[in-house]
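The values are calculated or read from the model by the stated rules, or taken from the named source; none is laboratory data. These numbers come from a predicted model, not from an experiment. Cβ placement follows ideal geometry from the backbone for every residue including glycine, while neighbour counts extend to all protein chains displayed. Areas reflect the complete protein model, heavy atoms only, side chains present, ligands, DNA and RNA absent. Shrake-Rupley method; radii C 1.70, N 1.55, O 1.52, S 1.80 Å.
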Amino acid sequence: MRKFLLSILILILIIISVNHFKNISHEYSRSGVSMNTIINITINSDSRKPLDDAFILLESLDKYLSLYNPNSELNKINNNAGIKPVTTNKYVYEIINESKNIYNLTEGAFNPLIGPITKLWKINNNDKNYKIPSKLSLDIALKLTDINNLNLIVNPDSIFLKTSGAMLDMGGIAKGYASLKIAELFNNNGVKSSIIDLGGNIYVTGEKFWRIGIRDPLNNSNPPAVIINAKNTSVITSGNYERFKIIDGVKYSHFFNPLDGMPVKNNLLSVTVITPDATKADALATAFMITGIEKAKKLLPEDFGVIFIYEAEDSKSPEILTSNNLKNLIVKANYPINFF
């Protein structure tokens, strides 16, 4: 009887031990290039599979949404502008539908049909003989950005650009959307925590706080301008420090005024939006760089956080303005900071 009880006890201990080791999570990391940017993802999980699945998903989204891939779903829609609707998959339909919603939310500051303007300005083109677009060419391109050119059709999910030359550009929203889809994948597959970095667009999952540094917009080699604690949310920044063009000594931003098609000029250096809805965060960070601070404050949803880094008129260094709901999450600020 004693031997029997001892055998049972040993068996129970083995089961407990096996289950204990099964539940131990490990840290897995992977880097790569996708969506025209550098990707770094780290997860705490009992399996590496969700991490590898995330990169498979990224590659799919890149193929669907890239303007640089002539065979992408997005380019199929653009190439059929004024010709016919294009039936597409759930991801493309979802992000374009959300883009149209955010156009309305931002009163047109975020415009998914900005493609003809960005194509005209060629901000990423290094041609030394480049000339500023004429007013006539801008006026023609602006007509193509009319949101009424975008028609979403249900059953089957299809997109139709009504006017030839109209062009969708998901550059201001795609990485945020991708990070949200990866976060959902991790949450649905038992990942205990993760940090998803898509070219500086950050999403953190799990119950632990992560310290996230927001880059100094004047010099990336400086310490972060702001450090915040973040949990289960995205931290997405847009700034005028990476993509721009200098013509005749003048710096032109890649953020365009939806009214005249000209690069925006304001005192904003960067905008960071903090919310679990990374799709909206990405688009709003883009839109707020266009609207400027005062209008952005009016458009900001109540439960979203925002950090503006801007050039103050009476100061030689940047200043920071942050929403009150982030006050307890700010770890450090290397410039003067105020709250609203």
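Structural remarks
- Pairing each residue of the range 189-207 that is open to solvent by less than 10 Å² (accessible area, probe 1.4 Å) and of a type in the set (Ser, Thr, Tyr) with any residue that is in a loop (DSSP other than H, G, I, E, B) and at pLDDT 95 or above, provided the two are 6+ apart or on different chains, yields C-beta distances under 9 Å for Thr205/Val191; Thr205/Lys192; Thr205/Lys231; Thr205/Asn232.
- Residue list for the range 294-308, filter: among the aliphatic types (A, V, I, L, M) and either over 16 Å from Gly108 (Cα atoms) or not in a helix (DSSP H, G or I) (or both): Leu300, Val306, Ile307
- Flag if Ala81 is more than 20 Å from Lys162 (Cα to Cα), among the hydrophobic types (A, V, I, L, M, F, W, C) and part of a loop (DSSP other than H, G, I, E, B): no
Results for (1) more than 30 Å from Pro50 (Cβ to Cβ); (2) aliphatic (A, V, I, L, M), shown as yes or no for each residue.
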site: Asn148; (1), (2): yes, no
site: Phe160; (1), (2): yes, no
site: Thr163; (1), (2): yes, no
site: Ser179; (1), (2): no, no
site: Gly190; (1), (2): no, no
site: Pro217; (1), (2): yes, no
site: Ser221; (1), (2): yes, no
site: Ile228; (1), (2): no, yes
site: Ser234; (1), (2): no, no
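- From the list Ile43, Ile114, Ile96, the one residue that fits, being in contact with a strand residue (DSSP E or B) (Cβ under 7 Å, 6 or more places away or on another chain) and farther than 30 Å from Thr205 by Cβ, is Ile114.
- Scanning the range 278-336 for residues that are free of Cβ contacts under 8 Å to residues at least 12 places away in the same chain and of a type in the set (S, T, N, Q) returns a single hit, Asn328.
- Residue among Ile182, Ile228, Ile236, Ile212 that alone is surrounded by 20 or more Cβ atoms within 10 Å (Cβ to Cβ) and free of Cβ contacts under 8 Å to residues at least 24 places away in the same chain: Ile212
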